[in-house]
Amino acid sequence: MKILLVDDDAFLRDMYATKFSEKGHTIDVAETAESALSKLHDTEYDAVLMDMIMPGMSGIELLERISKEKLGGEPQCVMLSNQSEEQDREAALKAGAKGYIVKAELIPSEVVDEVLKLTKQK
């Protein structure tokens with residue numbers, strides 16, 4: 001599976017990229033929504049994992065742009081956030097997210113498993 005991981009936290013971005021790579025997936029990373037959009041214009045992805053809160057553009061705004069502009073080969077999008085409020089989850093799902101994962105509730109390997117389950121990948 002080819003995944004784009006969008007998170008402004010370098011430590012988390014690198015950690016999740018490593019975990020997905022260890023499971024045999026191809027990972028591209030972006031630290032901002034703007035840099036993610038640039039990659040999505042040029043590359044098709046199976047999935048995009050994005051943080052909810054990022055400088056410049058939120059995960060919801062990024063998700064809406066991906067959907068509206070049919071970017072990246074129309075990948076399945078999953079929010080990966082520390083925001084645990086129900087209203088955040090509902091907003092993400094309403095905007096088209098396949099799922100919403102709260103980082104603090106799972107260890108990294110469980111995040112990988114949950115993303116694969118949400119996107120129906122192996």
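Excluding same-chain residues fewer than 8 positions from Lys120, which lysines have a Cα within less than 21 Å of its Cα?
Lys2, Lys19, Lys23, Lys70, Lys94, Lys98, Lys103
Where does the chain land on Rg(C-alpha)/(2.2 N^0.38 Å)?
Compared with the compact-globule rule of thumb, the chain sits at 0.93.
Expressed as a rounded percentage, what relative contact order does the range 2-118 have, with Cα pairs under 8 Å and six or more residues apart?
On the way: 204 pairs, mean separation 27.5, N = 117.
After rounding, I find 24 percent.
What is the magnitude of the charge dipole of the range 2-118 about its Cα centre, with +1 placed on the Cβ of each Lys and Arg, -1 on the Cβ of each Asp and Glu, and no other charges, expressed in debye to the nearest 20?
Approximately 320 debye in magnitude.
Just grab the label-to-label distance for Ile53 and Gln87, each label 7 Å out from Cα along the Cβ direction, in nm (one decimal).
A separation of 1.4 nm, rounded to one decimal place.
Any read-out appearing in this document is the output of simple, stated calculations on the displayed coordinates, not a laboratory observation. Note that the structure is a prediction, hence the values are computed from the model and not measured. Cβ atoms come from the backbone with ideal geometry, glycine included; neighbour counts cover every protein chain shown.
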